[in-house]
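Down below is the structure, laid out as structure tokens.
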Amino acid sequence: MAEYTATSPWFNTRIQNDLYLERLRIRPIPASNDDIVYTVEPQFTYRPDLLALGLYGTHKLWWVFAQRNMDIIKDPVYDLKAGLEIYLPQGPRLREVLGI
């Protein structure tokens, strides 16, 4: 049976049995006064994993951008395009919210 780490978007989702998860329980990333407005650079187009690696030191937090910007990003990969302005949580606050 799988268990998900605190860096996983499925961390709050329960495992029903050996084959299925219940519906995804969204892990909200709340807005904060210290969030940064970031304009996506061309090298990160369709690559949230590389952006997460550069910002947070791990590619496993690729999903954070969509969770923090749910009104802007619907598809966490294909909506991340050069020139898009998104809000980024600061690393220490993000680690606090996720418990990592």
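Tabulated results
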item: Wholly within region 43-100, helices (runs of 4 or more DSSP H) carrying at least 1 residues that are more than 17 Å from residue 30 (Cα to Cα); result: 48-56
item: Residue list for region 12-53, filter: among the aliphatic types (A, V, I, L, M) and either surrounded by 16 or more Cβ atoms within 10 Å (Cβ to Cβ) or within 15 Å of the chain's Cα centre (by Cα) (or both); result: 24, 26, 29, 31, 36, 40, 50, 51, 52, 53
item: Of all residues making up region 54-66, the number that are more than 25 Å from residue 3 (Cβ to Cβ) and surrounded by 17 or more Cβ atoms within 10 Å (Cβ to Cβ); result: 1
item: Candidate set: region 67-100, residues that are surrounded by fewer than 15 Cβ atoms within 10 Å (Cβ to Cβ) and acidic (Asp, Glu); chosen: the one nearest to residue 7 (Cα to Cα); result: 96
item: Hey, residue 7 surrounded by 16 or more Cβ atoms within 10 Å (Cβ to Cβ), out of contact with any Pro (no Cβ under 9 Å at 6 or more places or on another chain), without any contact (Cβ under 8 Å) to a residue 24 or more places away in the chain and in a loop (DSSP other than H, G, I, E, B) or not; result: no
item: First in region 74-97 and in contact (Cβ under 8 Å) with a residue 60 or more places away in the chain, second anywhere and among the charged types (D, E, K, R), Cβ under 7 Å, 6 or more apart; result: 89/35; 89/68; 93/34
item: Those residues of region 11-58 which are within 18 Å of residue 73 (Cβ to Cβ), in contact (Cβ under 8 Å) with a residue 24 or more places away in the chain and of a type in the set (Asp, Glu), in sequence order; result: 35, 41
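Each reported figure results from applying straightforward, stated rules to the coordinates on display, with no laboratory input. Everything numeric in this text was worked out from a predicted model, so none of it was measured. Note that each Cβ is placed from the backbone with ideal geometry, even for glycine, and that neighbours are counted across all protein chains shown.
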